[in-house]
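**Q** Quick one: the structure is below, and I'll ask about it shortly.
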Amino acid sequence: MFDKSVYANRRQAVAKRISSGIVLIPGNNEAPANYAANTYKFRQDSSFLYLFGWNHPGLAGVLDVDSGEETLYGDDADIDDIIWTGPQPSVQELAGRVGVARSAPFARLAGVLRDAVAAGRRVHFLPPYRARNMLLLEEMLGVHHSLLKRYASLELIRALVASRSVKEPREIEEITRACNTGREMHVRAMREARPGALEQYIAGLVEGIAVSRGSMVSFPVILSQNGETLHNHDHGQVLSEGRMLLTDAGAETSMNYCSDFTRTVPVGGKFSTRQREVYSIVLACNRQARELARPGVTYRQVHEETCKVLARGLKELGLMKGDVDEAVAAGAHALFMPHGLGHMMGLDVHDMEDLGQVHVGYDEETRPSTQFGLASLRMGRRLEEGFVVTDEPGCYFIPELIDRWRAGGMHEEFLAYDRIEAYKDFGGIRVEDDLLITRDGAVCLGDEPVPATVEEIEETMRG
Ligand code: GLY
C-alpha cells in the first residue's frame with residue numbers, strides 16, 4: 001500500500017470537488033462461485049482502493065463533506081473468523097493506516113445515512129455494478145435498485161474521474177510493474193505457440209504468470225486462433241501451422257494496477273507473406289498512434305488518423321479502394337476494425353468504466369459517435385499529461401460481417417469485396433501497448449518493450 005498521506009490527500013481532493021453532503025464508497029464483498037463459502041477471488045472496488053486502500057471485503061468509507069469527518073465502517077473479526085482465516089487487524093487499525101480517524105461497526109452505517117437523508121442532506125454514491133451493493137444501497141437509501149444508476153452522483157463521478165485520470169508517479173511505477181508481468185506473459189505465449197499446442201494450456205500458463213507475480217489477470221485471458229472474434233474466451237482449439245495466435249492479456253499487481261497487451265503471432269514462428277503484409281499494416285497503425293498521442297490532441301483524432309493508416313495499407317493490398325480520407329469518414333474501414341483505438345487504464349483495465357464511459361472518455365467538447373466502429377471508441381477526449389491509454393489497433397476478417405455488408409452493398413465504393421473474399425479464412429490481428437502521455441508525447445509503459453516487429457517476434461519464438 002501507499003503511505004497513508006496518499007489516501008488522505010486523494011480524499012481531500014475529491015471532497016473539495018463536492019459542494020455538500022455525504023460521500024459513500026462501499027467496498028466489495030466476497031462473491032460466491034457455486035456455494036456461499038466457495039468464492040471467486042476477491043476483487044476490491046477500484047474507487048474504494050483509490051480512496052481507502054484496503055483490499056478487504058466488508059468495508060465502506062464515508063466522507064462528510066460539510067464537517068470533514070471521515071469514517072471507515074466494518075466489523076472486527078470474531079473468534080469464528082479467526083479460527084478459519086487467522087487473526088485480522090481491527091477496523092480501527094485499518095482506518096488509521098490510511099489516515100482515517102474514525103471507525104464504526106457496519107450496522108451503524110444505515111442509521112447514519114437515514115439521518116442524513118431525513119435532514120435533507122445529499123448522499124453521494126457511484127453507480128453500483130455488483131448485486132450485493134445494489135441491495136445494500138436500496139436498503140440503506142430507500143432507492144429501488146433499478147433506479148440507483150439514475151440517482152448516482154454526477155458530482156462524485158466527475159470528482160473521481162478528474163482525480164483518477166491523471167496518474168501519480170507512484171501509480172505509473174505500479175502500472176509499469178504490471179506491464180513487466182504482461183511482457184513475461186506474452187513472451188511465454190509466443191514461445192508456446194507451436195503446432196499441436198492446446199490454446200487452453202497456453203492460456204493457463206499465461207494466467208499463472210500473472211497470479212504468481214502479484215494478484216491476478218486484469219481481465220479473462222483472450223487467446224485464440226480465431227482472432228477475428230474480438231473477445232474470444234474460448235480456448236478449445238489445437239494450434240495448427242498456417243494460423244495465427246492472438247493473445248490479449250494483462251496482469252494486476254498486488255495493489256490492483258493493470259496492464260493490457262495484445263500480440264498476434266504465426267503458429268510455428270514464421271510469418272507467411274500474407275500474414276506479414278497485414279501484420280505490418282496493423283503495427284504501422286500502432287506506431288502511428290504512439291507518434292500522434294500527446295497532450296492537447298483528442299484520442300478521437302488519433303483514432304481517426306490511425307484508421308487512415310489502416311485504410312491506406314488495405315488499399316495498397318487491394319482490399320480497399322477510393323479516397324482514403326473519405327473512406328474513413330464514411331466508416332468503411334470499420335469492416336476491418338469495428339472497435340476503438342483504446343481506453344483509459346489504471347486500477348481497472350478499462351479504467352473507471354463502472355462510472356460511465358461517457359464521463360471517462362468524453363466531455364462537453366468531444367461527444368461519442370454513433371457511427372459503427374467509432375461508436376466503440378471508449379476514449380475520445382483530449383489527452384493530458386499523466387493519462388494512461390491503450391493503443392490497440394486491429395485488422396479482422398469476420399466472415400459473417402463481410403457477408404452481411406456485401407449483401408447490403410455497404411460502402412461498395414471503398415471495399416473491394418471480390419478481393420476481400422479471399423481473406424475470409426485469415427482470422428484477425430491486434431497489436432496493443434499501454435501508453436503514458438508525457439509532457440510532449442507518449443511512451444510505452446514497461447521496462448522492456450513486448451516484442452512487436454516481425455523480426456522481434458520471429459526471434460522470440462525461435463528462443
Ligand atoms: N484488452 C481487452 C479489452 O480492452 O477489453
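**Q** Rounded to the nearest 20 debye, what is the charge dipole size of segment 23-142 about its Cα centre when +1 sits on each Lys and Arg Cβ and -1 on each Asp and Glu Cβ?
**A** Using Cβ point charges on Lys, Arg, Asp and Glu, segment 23-142 gives about 380 debye.
**Q** OK, next. Just to confirm the filter: which GluC sites (Glu not before Pro) across segment 63-98 are DSSP coil and have at most 16 other Cβ within 10 angstrom of their Cβ?
**A** Counting only loop positions with at most 16 other Cβ atoms within 10 Å, the GluC sites (Glu not before Pro) in segment 63-98 are GLU69.
**Q** A further question on this structure: Among the trypsin sites (Lys or Arg not before Pro) within segment 409-461, which fall in a DSSP loop and have no more than 13 other Cβ atoms within 10 Å of their own Cβ?
**A** Of the trypsin sites (Lys or Arg not before Pro), the ones in loops of segment 409-461 whose Cβ has at most 13 other Cβ atoms within 10 Å are ARG439.
**Q** So if I place +1 on the C-beta of Lys and Arg and -1 on the C-beta of Asp and Glu, and nothing else carries charge, what would the dipole magnitude of segment 276-343 be about its Cα centre? I want it in debye, nearest 20.
**A** It comes to approximately 220 debye.
**Q** About the Cα centre of the chain, what is the dipole size in debye to 20, counting +1 per Lys and Arg Cβ and -1 per Asp and Glu Cβ, all else neutral?
**A** That gives the chain a dipole magnitude of about 380 debye.
**Q** Decide, for the chain, between rounded, prolate and oblate: order the square roots of the alpha carbon gyration tensor eigenvalues as a ≥ b ≥ c, take rounded if a/c falls under 1.5, and otherwise choose prolate if a/b is larger than b/c, else oblate.
**A** The shape class here is prolate.
**Q** Spin-label point model (7 Å from Cα, Cβ direction): what's the SER240 to GLN92 distance in nm?
**A** 6.8
**Q** Just check segment 400-463 against the gyration tensor rule for me: Cα atoms, a ≥ b ≥ c as the square roots of the eigenvalues, rounded for a/c under 1.5, and otherwise prolate or oblate depending on whether a/b exceeds b/c.
**A** Oblate, since a/c reaches 1.5 and b/c is not below a/b.
**Q** Helix-only mean residue ellipticity at 222 nm, the chain, DSSP H runs n ≥ 4 weighted -39,500 (n - 2.57), per residue, nearest 500. What is it?
**A** So the calculated ellipticity at 222 nm is -12000 deg cm²/dmol.
**Q** Sticking with this structure for a sec: How big is the equivalent ellipsoid of segment 237-332 along its three axes, where each semi-axis is √(5λ) from the Cα gyration tensor, reported in whole Å from largest to smallest?
**A** 26, 24, 10
**Q** In sequence order, what are the phi-derived ³J(HN,Hα) couplings for segment 239-247 according to the Karplus relation 6.51 cos²θ - 1.76 cosθ + 1.60 with θ = phi - 60°, rounded to whole Hz, with x for glycine and proline?
**A** Computed from phi, the couplings for segment 239-247 are 5, 10, 3, x, 9, 10, 10, 9, 10 Hz.
**Q** Here's a follow-up. Could you point to the residue in LEU374, PHE336, LEU319 farthest towards the positive end of segment 299-436's charge dipole, with +1 and -1 charges on the Cβ of Lys/Arg and Asp/Glu respectively?
**A** The one lying farthest along the dipole's positive direction is LEU319.
**Q** Once both labels are modelled 7 Å past Cα along the beta-carbon direction, what's the GLU455-GLU69 spacing in nm?
**A** Computed distance between label sites GLU455 and GLU69 equals 6.7 nm.
**Q** A further question follows. What FRET efficiency, computed as 1/(1 + (r/R0)^6) with R0 = 41 Å and r the Cβ-Cβ distance, is obtained for ASP323 and ARG367, rounded to the nearest 0.05?
**A** 0.95
**Q** Quickly work out the ASP115-to-HIS359 label distance, labels modelled 7 Å from Cα along the C-beta direction, and quote it in nm with one decimal.
**A** Using points 7 Å along Cα→Cβ, the separation is 2.7 nm.
**Q** Assuming 0.36 nm per residue, please report the length gained on full extension of the stretch LYS270 to HIS145 beyond their Cα-Cα distance.
**A** 39.6 nm
**Q** Given the Cα-Cα distance of GLU277 and ALA416 and 0.36 nm per residue of separation, how much length would full extension add, in nm?
**A** 48.3 nm
**Q** Here is a further query. Would you mind checking which residues have amide H under 5 Å from ALA442's amide H? H placed 1.01 Å from N; only 5 or more apart, or other chain.
**A** none
**Q** Moving on. Going down the list LYS270/LYS321; LYS16/LYS149; LYS16/LYS167; LYS149/LYS308, which pairs span over 26 Å between their C-alpha atoms?
**A** Over 26 Å Cα-Cα: LYS270/LYS321; LYS149/LYS308.
**Q** Which one, ILE429, TYR257, TYR279, is farthest towards the positive end of the dipole of the chain when Lys and Arg carry +1 and Asp and Glu -1 on their Cβ?
**A** The Cα lying farthest towards the positive end belongs to TYR257.
**Q** Tell me, how many Å apart are the Cα centres for segment 157-208 and for segment 400-457?
**A** 20
No lab work stands behind these numbers, since they all come straight from the coordinates. Keep in mind that this is a model prediction, so the values were computed, not measured. Please note: Cβ atoms are built from the backbone with ideal geometry, for glycine as well, and neighbour counts cover all protein chains shown.
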